Amino acid sequence: MTNKIEKLGRWAEKQFSSLCSEGGVIANKSEEDETGWDYLLEFPQAAVEGLPPDLQKIELSARAQVKSRERGKLVAELKLSNAHRFAAAPEPCFVVLAAATDGGHPVKFYAKHFWQDEIARTLKRLRQADYKSKPTNQQSFDVSFDEMDNHTDDLIQWMRQVVASSGSDYANLKRDLNENLGYEDGRFFGTVTFLNNDIEKFVDHSIGLDAKIELTNARLVDRRFGI
């Protein structure tokens, strides 16, 4: 028999905040959910003895969104617009899921670093969204978890390790992913149309014998993820 947790979502946020405090992490709660994250996290760095203040490392930052689920599949549902913010943010981002047992205790905490796979899926969904009438803040984006993502016993420690191992080039790597994912087969594709009786001119143009050829139509498109 489980103990029912009233307002599970609020409980999950408070529990996450408490875990951050216990782990020495500063969790700044977002005033508006429109930002795409619930918490801006600051991971203080240990001071190096004998090093002047201007050379000491400042705290590392990350962002986290905390979701909850009473039962069922281990899936956190985000707004597509918020997934876009996570994909574009220069800092490490995490999705945390508090999974209850039939709405109560025990509760397990699952977490994922929003990285290459999630960024790629986000960018593909955003490209597909161009062809839908709904704005991205009215479309959902699912993040699935499995037991490999179970961090009930080491959530803050694991997040700290991910942030610490990100390195100074993290923002650049993330920007490269945003700019290049989905373009593995090329970026711009197009078609050109010319009059049938200009075929000989086209052949001459293609081998450099004629500098000019008259086109009746030309179309160039940006194709990403085959879309």
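Coordinate-derived values only; no laboratory data. On a predicted model such as this, the values are computed, not experimentally measured, just so you know. Every residue, glycine as well, gets a Cβ built from its backbone with ideal geometry; the counts of neighbours run over all protein chains shown.
Our coupling estimate for segment 37-43, obtained by passing each phi through the Karplus curve with A = 6.51, B = -1.76, C = 1.60 and θ = phi - 60°, is 9, 8, 9, 9, 9, 10, 9 Hz, Gly and Pro reported as x. Computing FRET efficiency as 1/(1 + (r/R0)^6) for Ser168 and Phe189, where r is the C-beta to C-beta distance and R0 is 41 Å, gives about 0.65. Of the GluC sites (Glu not before Pro) found in segment 1-83, the ones in coil according to DSSP and having at most 12 other Cβ atoms within 10 Å of their Cβ are Glu6, Glu31, Glu32, Glu49, Glu59. Using the Cβ-Cβ distance between Asn3 and Ser30 with R0 = 22 Å, the FRET efficiency computed as 1/(1 + (r/R0)^6) comes to roughly 0.15.
Using only side-chain charges placed at the Cβ, +1 for Lys and Arg and -1 for Asp and Glu, the dipole size of the chain relative to its Cα centre rounds to 740 debye. Taking θ as phi - 60° and the Karplus parameters 6.51, -1.76 and 1.60, the scalar couplings of segment 136-149 work out to 5, 7, 10, 10, 9, 9, 8, 10, 9, 10, 9, 5, 5, 9 Hz in sequence order, x denoting glycine and proline. Computed from label points 7 Å out along Cα-Cβ, the spacing between Arg175 and Trp11 is 4.4 nm.
Computed over the chain, the P(r) curve from all C-alpha pair distances, binned at 5 Å from the origin, holds 1, 6, 11, 14, 14, 13, 9, 7, 6, 5, 3, 3, 3, 3, 2, 1, 0 percent per bin. For Phe114, the residues whose amide H sits under 5 Å from its own are Cys93, Phe94, Val95, ignoring neighbours fewer than 5 places away on the same chain, with H placed 1.01 Å from N.
Amide H to amide H, with H built 1.01 Å from N, Leu60 comes under 5 Å of Phe43, Gln45, counting only residues 5 or more places away or on other chains.
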